[in-house]
Amino acid sequence: LVLVLCEDYLSPELAAVDARQRGSGRPWVPVKLCGTDPWVGPFFRPGSDGPCWHCLAVRLRGHRHSEVPVRRALGLDGPVPRPAAGLAAGTALAVNLAALEAAKWLAGLRHTEQAHIRTFDTLRLRTAGHPVDRLPQCASCGDPGLVARRAGAPFVPVSRPKAAATGGGDRALTPAQMLRTYGHLVDPVTGVVKEIREAPGAPDFVHAYTSGHNLAMGSASFAGLSSGLRALSGGKGRTAEEARTSALCEAVERYSGTRHGDEPVVRDSLRALGGAAVHPNDCQLYSARQFAEREVWNARHSRFHHVPAPFDETRPTDWTPVWSLTGGVQRLLPTSMLYFGRGTDGSGDPAAGEPWADSNGNAAGSSPEDALVQGFLELVERDAVALWWYNRTRQPGVDLGSFEDEWIERTRHGLHRVSREVWALDLTSDLGIPVIAALSRRTDKPAEDVLFGFGAHFDPRVALCRALSELGQLLPAVGGARGDGGGYRITDPEPLSWWHGATIANQPYLAADPMAQTRTPDHWPVTAGTDLLDDVHMITELVRSKGLDLLVLDQSRPDLGLPVTKVVVPGLRHFWARYGPGRLFDVPVHLGRLAEPTPYDQLNPVPLFV
């Protein structure tokens with residue numbers, strides 16, 4: 001047994017130690033003595049089915065996203081040095097504990113916690129164990145081609161009966177089952193998710209939780225770091241259990257959608273690949289004018305609305321295969337559109353001229369079919385929101401009381417207690433799946449702090465609950481807002497400008513159309529079945545009937561087990577500012593909302609900022 005003392009478990013020198021010990025077959029154990037929280041373990045056993053140091057390093061790096069711009073600015077190969085604050089007594093304690101663990105090992109004692117990192121909090125005299133999992137896809141001790149083979153295979157949905165009492169609607173597992181199955185992924189040292197905690201400032205009638213940094217907003221710049229500190233993954237629901245499950249799934253979804261370096265990639269130009277490759281702007285839908293004015297636009301707007309350079313069809317680019325459920329064939333999309341970040345660590349923005357990924361259509365679920373359906377519903381929701389928002393059409397209202405739902409009523413009363421009016425609009429598009437917007441405004445001060453949330457589902461009740469719970473996630477940002485214009489929890493200029501200036505009077509499309517019949521639950525036929533496979537077949541036929549293509553990428557990570565997919569339907573519109581020809585201009589006319597397409601210069605000048 002070899003004990004290796006180090007200042008940081010991510011020290012580059014440990015890679016050489018791991019290689020040497022695996023070559024000799026001898027076990028070893030790292031020990032960190034410095035600081036107020038010494039670490040001991042795990043015991044790495046070459047030749048066993050346990051993890052190697054590289055497996056551990058992947059998880060540890062996941063908690064140090066904020067160090068990336070610092071390391072690059074300083075030109076560091078390893079972690080950022082930290083002050084070694086501590087007391088001699090604490091160091092002595094750590095030395096003796098490490099020696100004790102080594103002695104027990106040499107005496108033949110074996111137990112499962114030897115595969116954990118044991119941390120010692122010398123300030124509070126607490127110890128904790130943090131499990132270290134083996135990564136089946138590890139490039140050093142596993143199968144480095146595993147992710148590429150799985151992601152590149154045809155997506156074949158199978159029967160998945162829906163569980164009862166799934167809350168969020170049509171899941172194969174209940175929220176409680178999801179937490180029991182995947183709760184081990186939450187750990188402050190070795191987990192994919194550092195922690196799940198209640199969203200600060202949320203009122204008592206809102207169930208909202210945060211689950212760490214939103215990797216979809218990652219950047220290797222200091223500006224991106226500042227943005228990332230404000231951009232958290234999170235979840236919401238009708239109950240605390242639903243919200244915790246939602247927060248866990250979103251964090252794992254974003255982690256799985258980040259580029260790790262083992263994804264399937266084909267490098268060639270669009271023209272050379274021919275018909276199998278999908279032009280990125282068929283999905284992103286920027287207009288020629290947006291490309292021409294991109295430098296001015298990007299200087300004035302947030303990274304949500306970043307317009308990349310026009311795609312060079314002759315330039316070699318990384319492409320990743322996706323599976324067409326409508327065509328039963330493999331298609332190719334730029335890898336930078338499908339995975340956040342670039343490089344083997346997923347840090348940084350795409351290279352110049354490459355399209356950017358966003359989280360639209362990304363979903364984690366209780367099964368691959370569940371994730372596919374949820375990702376598709378998000379595409380439907382955001383497409384419908386874009387049709388309404390940018391055309392500023394008047395939409396029918398939704399009678400909240402007609403749903404006769406206790407949670408909906410409790411949410412309404414809670415909003416009234418904090419001096420907020422709440423209402424909902426029917427945004428359902430030509431796709432026929434219910435899409436609902438929930439809106440709320442302050443009634444006790446001049447600035448109305450207008451909030452909104454959106455939801456889509458086969459069941460209008462679930463769509464409405466999703467919209468209301470999403471609206472609730474925004475309440476902490478404005479809960480402390482004062483009449484003098486201060487008190488907001490965020491500093492982003494776009495939402496602040498909206499909250500300070502937008503009112504129902506100057507934005508009439510936010511209010512229900514007084515000439516339209518108010519919607520009740522029986523307005524929408526509930527089309528979902530009892531098996532998720534039926535839903536997959538239904539949405540596949542729906543997409544095919546519109547002349548569109550349903551593309552799916554399996555982004556599940558083998559070490560996590562939680563199914564994650566990226567769903568793409570070229571032609572469906574993001575609710576960010578994408579002004580290219582297509583549904584944004586055609587569908588409102590087709591539905592009779594407008595007599596003619598909205599001229600470009602008359603589109604809503606406020607890009608949607610959520």
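What follows draws every value from the coordinates through simple rules; no lab data is involved. Just so you know, these numbers come straight off a predicted model, no measurement behind them. Neighbour counts are summed over all protein chains in view; Cβ atoms, including those assigned to glycine, are modelled from backbone coordinates with ideal geometry.
Out of the GluC sites (Glu not before Pro) in the stretch 380-466, which ones are loop residues according to DSSP with at most 12 other C-beta atoms within 10 Å?
Details: sites: Glu381, Glu404, Glu406, Glu409, Glu421, Glu448; in loops: Glu404, Glu448.
Taking the stretch 380-466 and a limit of 12 other Cβ atoms within 10 Å, the loop GluC sites (Glu not before Pro) found are Glu404.
Arranged by the count of other C-beta atoms within 10 angstrom, fewest first, what order do Ser336, Ser545 take? Walk me through the numbers before you get to the answer.
Details: Ser336 24, Ser545 10.
Ordered from fewest to most neighbouring Cβ atoms within 10 Å, Ser336, Ser545 come out as Ser545, Ser336.
Fewest-first ordering of Asp535, Asp405 by other beta carbons within 10 Å of each residue's beta carbon gives Asp405, Asp535. A quarter of the convex hull surface defined by the alpha-carbon atoms of the stretch 385-523 gives 8.2 nm² as the mean projection. With a ≥ b ≥ c taken as the square roots of the eigenvalues of the C-alpha gyration tensor of the stretch 2-131, please select rounded if a/c is under 1.5 and otherwise prolate if a/b is larger than b/c or oblate if it is not? Verdict is oblate for the stretch 2-131.
Relative to the longest principal axis of the Cα atoms of the chain, the long axis of helix 13-24 lies at roughly 60 degrees.
Kindly rank 119-130, 317-328, 93-104 from highest to lowest mean number of other beta carbons found within 10 Å of each residue.
Details: 119-130: 13.8, 317-328: 20.7, 93-104: 15.8.
My ranking of the peptides, most packed first, is 317-328, 93-104, 119-130.
Could you tell me the calculated FRET efficiency between His537 and Asp586, based on Cβ-Cβ distance and R0 = 30 angstrom, to the nearest 0.05?
Details: r = 27 Å, r/R0 = 0.89.
Rounded to the nearest 0.05, the efficiency is 0.65.
Our coupling estimate for the stretch 557-574, obtained by passing each phi through the Karplus curve with A = 6.51, B = -1.76, C = 1.60 and θ = phi - 60°, is 9, x, 6, 9, x, 7, x, 9, 10, 10, 10, 10, 10, x, x, 6, 9, 5 Hz, Gly and Pro reported as x. Helix 53-62 axis versus longest C-alpha principal axis of the chain: approximately 40°, rounded to the nearest ten. In the chain, a dipole from Cβ-located charges (positive for Lys and Arg, negative for Asp and Glu) runs towards its positive end, and of Ala463, Ala502, Ser140 it is Ser140 whose Cα lies farthest in that direction. Ordering Ala352, Ala386, Asn362 by the projection of their Cα atoms onto the charge dipole of the stretch 275-428, which places +1 on the Cβ of Lys and Arg and -1 on the Cβ of Asp and Glu, puts Ala352 at the extreme positive end. For Asp513, the residues whose amide H sits under 5 Å from its own are Gln395, Gly397, ignoring neighbours fewer than 5 places away on the same chain, with H placed 1.01 Å from N.
What 222 nm value per residue comes from the helices of the chain, counting each DSSP H run with n ≥ 4 as -39,500 (n - 2.57) and dividing by all residues, nearest 500 deg cm²/dmol?
Details: 19 runs with 199 residues, N = 610.
Calculated mean residue ellipticity at 222 nm is -9500 deg cm²/dmol.
For the chain, the Cβ-based charge dipole about the Cα centre amounts to some 1280 debye (Lys, Arg positive; Asp, Glu negative; other atoms uncharged). With both residues required to sit in the chain, DSSP beta bridges show an antiparallel share near 85%. Among the listed values (i) 27.6; (ii) 30.7; (iii) 29.0, the one computed from these coordinates for mean projected area of the Cα convex hull in nm² is (iii). Between the stretch 75-135 and the stretch 406-469, the alpha-carbon centres lie 49 Å apart. Listed peptides 560-568, 306-314 appear in the order 560-568, 306-314 once ranked by packing, highest mean of other Cβ atoms within 10 Å at the front. The ranking of Glu195, Glu253 from fewest to most other beta carbons within 10 Å of each one's beta carbon is Glu195, Glu253.
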